[in-house]
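Step one of this worksheet: look at the structure below.
The values are calculated or read from the model by the stated rules, or taken from the named source; none is laboratory data. No experiment lies behind these values; they were computed from the predicted model shown. Cβ sites come from the backbone with ideal geometry, for glycine too, and all protein chains shown count toward neighbours. Only protein heavy atoms, including side chains, enter the accessible area calculation; ligands, DNA and RNA are left aside. Shrake-Rupley method; radii C 1.70, N 1.55, O 1.52, S 1.80 Å.
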Amino acid sequence: MGHAKFKREADDMELHDNVLGEIVPVVIIGNGPSGICLSYLLSGYTPYLSPGASHPDPLLHGKLSEEPELPLLDRDLSYLCEGLQGRSANPVAVLFDSLLLPDGDFGLECASPLEWRRRPDRAVPHLVLGKGPPGGAWHAMEGSMLTLSLANWMELPGLKIKDWMKDKRRNVRNDRGTPAEIASYYQHYVRQMSLERNFAHGTTVTSVTWRPDNPRGSGGCWRVDGVRRPDGDDSEELAFSLLARNVVLATGTHDAPARLGVEGESLPYVCHSFWELEAAISRGELEQSSEPLLVVGAGLTAADAVLAARHLNAPVYHAFRRDVADPGLIFNQLPKMLYPEYHKVHQMMTQQQHQATSPLDISSSSSSSSSPSPYAGYLSFPRHRVVSFRPDRKCVLESDAGRRTVVRVSKVLVLIGAHPNLSYLPERGRHLGVRTDEAITCRRNPIDVDPYTHQVLGAEGPGMYAMGPLVGENFVRFLKGGALAIASDIAKARREDGEEARRDQWTDGWVAVQDRGVSRS
């Protein structure tokens with residue numbers, strides 16, 4: 001397919017005035033780093049083995065050298081993945097990470113053996129749908145904390161974060177950036193790589209369903225319904241409906257905070273997001289003389305909440321289910337030199353523990369130990385669960401041994417993770433999980449996909465893919481592998497279909513958009 005033909009098709013793919021002219025080859029739901037990376041690959045940016053380059057893994061280098069002029073997207077990914085080991089359960093993620101960041105686990109900055117060539121003839125028209133600007137949930141994250149990952153782990157192919165920050169006259173602190181910087185990088189990336197025409201902002205998908213019979217008779221396809229606010233949050237909400245040959249689920253995890261499911265959890269002083277803590281701080285509700293803030297959870301967001309409260313000298317109770325020495329606790333997996341602030345929180349959790357001999361009902365006056373401590377005003381409750389929240393702002397905690405303690409608080413922040421928002425799928429996508437009898441969760445029950453193509457195994461029809469946190473990838477470093485797997489599979493389908501068949505199926509489209517009401521079919 002020539003460049004002129006792609007440009008004409010790409011122009012038709014833009015969602016102007018809620019009317020889409022043709023059937024969409026690929027719709028990506030979610031405009032975070034997963035969706036952005038896949039858009040980059042679908043826009044014709046193609047990875048090759050760079051002439052004269054080598055990879056530190058001799059076995060992988062030997063495989064890459066067998067057909068050096070063949071694009072990575074046309075290689076047998078399962079063959080390249082054989083024998084590789086890494087910190088992801090998805091084999092293509094390990095492969096792509098190894099190619100983008102050789103020896104990345106050791107903190108080394110070895111040159112990637114890949115080079116990127118722009119191939120307009122390989123581009124696939126697509127749309128990326130997202131509620132806000134490119135970057136997804138990174139725009140909603142607290143802007144001053146440092147990211148867990150190294151800055152170069154957060155970058156996308158073709159634009160190094162350090163180079164971008166130098167252009168912006170910023171310095172990467174301790175080789176890590178803030179969420180605000182990362183979000184700005186992703187927005188700039190979309191502009192720099194000329195991907196903007198593929199992104200439809202202000203869109204919320206409400207339904208994705210399989211239609212075995214296309215209204216125009218060109219085979220089955222996916223129907224994507226939703227609403228748009230083309231001019232921002234204050235603009236009129238318009239309905240849209242379109243058909244897609246392939247649909248990619250890349251909606252992440254931050255839309256639905258996990259809940260404890262205990263009595264009183266809906267009381268107004270019980271919160272479930274870091275942003276609610278920020279709002280309380282801005283209103284002056286937390287200070288040294290206030291009742292303690294109860295933080296529930298032992299992840300990094302909970303640690304960020306503890307740090308934010310302690311920065312104000314506000315007293316903190318910290319309850320979590322694990323033991324402080326549990327190797328599964330994230331703090332026990334982080335290098336101390338690289339993450340000093342999280343190491344400090346872990347020290348607090350370890351050294352300032354609630355003792356079983358304490359009174360049944362305790363107040364903020366007992367939140368510090370009787371002996372001098374650098375962590376006065378903080379008290380941890382390891383191996384405790386929340387039993388209930390009371391209207392009088394008292395919370396009942398229970399230890400593994402069954403002993404209950406009642407604490408008086410000013411506010412509660414429940415930070416125990418988040419569930420993906422799959423409300424646009426039948427049964428919220430439950431039938432797509434590794435365990436179909438449980439709700440989809442990114443750690444315990446991700447969407448079940450083919451490991452080398454990322455096609456959803458339980459989908460009602462062909463052409464549904466999933467990537468990112470939905471398949472268990474919670475780090476940007478590894479979610480890029482899903483983009484490679486999907487782009488490679490779509491490229492393979494294009495080669496097998498032939499150009500004439502592709503032209504027919506892409507141009508014989510159907511879309512109906514109404515400002516209100518039901519779309520016609």
Next on the checklist: So if each residue of separation counts as 0.36 nm, and I subtract the Cα-Cα distance between GLU196 and SER54, what length gain in nm does that give?
Outcome noted: 47.7 nm
Checklist entry - Using θ = phi - 60° and the Karplus curve 6.51 cos²θ - 1.76 cosθ + 1.60, what whole-Hz ³J(HN,Hα) does each residue of the stretch 70-75 get, with Gly and Pro shown as x? => result 7, x, 4, 5, 9, 7
Checklist entry - Roughly how many Å² is the accessible area per residue of the stretch 246-335, as a whole number, for a 1.4 Å probe? => result 43 Å²
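Work out, step by step, the length gained on full extension between SER289 and VAL406: first 0.36 nm times the residue separation, then minus their alpha carbon distance; give nm to one decimal. All intermediate terms of the calculation are to be shown ahead of the outcome.
Values: separation 117, 0.36 × 117 = 42.12 nm, distance 1.97 nm.
Result: 40.2 nm gained on full extension.
Applying a 10 Å radius around every beta-carbon, put 186-194, 424-432 in order of their mean neighbour count, most first. Could the numbers behind the result be given before it?
On the way: 186-194: 16.9, 424-432: 18.4.
Top of the packing list down: 424-432, 186-194.
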Checklist entry - According to a simple spin-label model (label point 7 Å from Cα along Cα-to-Cβ), what is the distance in nm between ALA111 and LYS160? => result 1.1 nm
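When the accessible area of the stretch 403-471 is computed with all protein chains present and a 1.4 Å probe, what percentage of it is carbon and sulfur? Each step should come with its number before you reach the end.
On the way: 1390 of 3020 Å².
Carbon and sulfur together cover 46 percent of it.
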Item to check | Set LYS162/LYS344; LYS131/LYS160; LYS344/LYS480; LYS162/LYS492 screened for pairs whose C-alpha atoms are more than 29 Å apart | outcome: LYS344/LYS480; LYS162/LYS492
Item to check | Placed amide H near LEU114: partners under 5 Å, 5+ positions off or other chain | outcome: SER50
Next on the checklist: If I model a spin label at ARG87 and ASP326 as a point 7 Å from the Cα along the Cα→Cβ vector, what separation in nanometres do I get?
Outcome noted: 2.0 nm
Next on the checklist: Check which residues have an amide H placed less than 5 Å from VAL128's amide H, if you skip close sequence neighbours.
Outcome noted: ILE28, PHE199, ALA200
Next on the checklist: Suppose the chain between HIS311 and ARG435 were pulled fully straight at 0.36 nm per residue; how much longer would it get relative to their current alpha carbon spacing?
Outcome noted: 40.4 nm
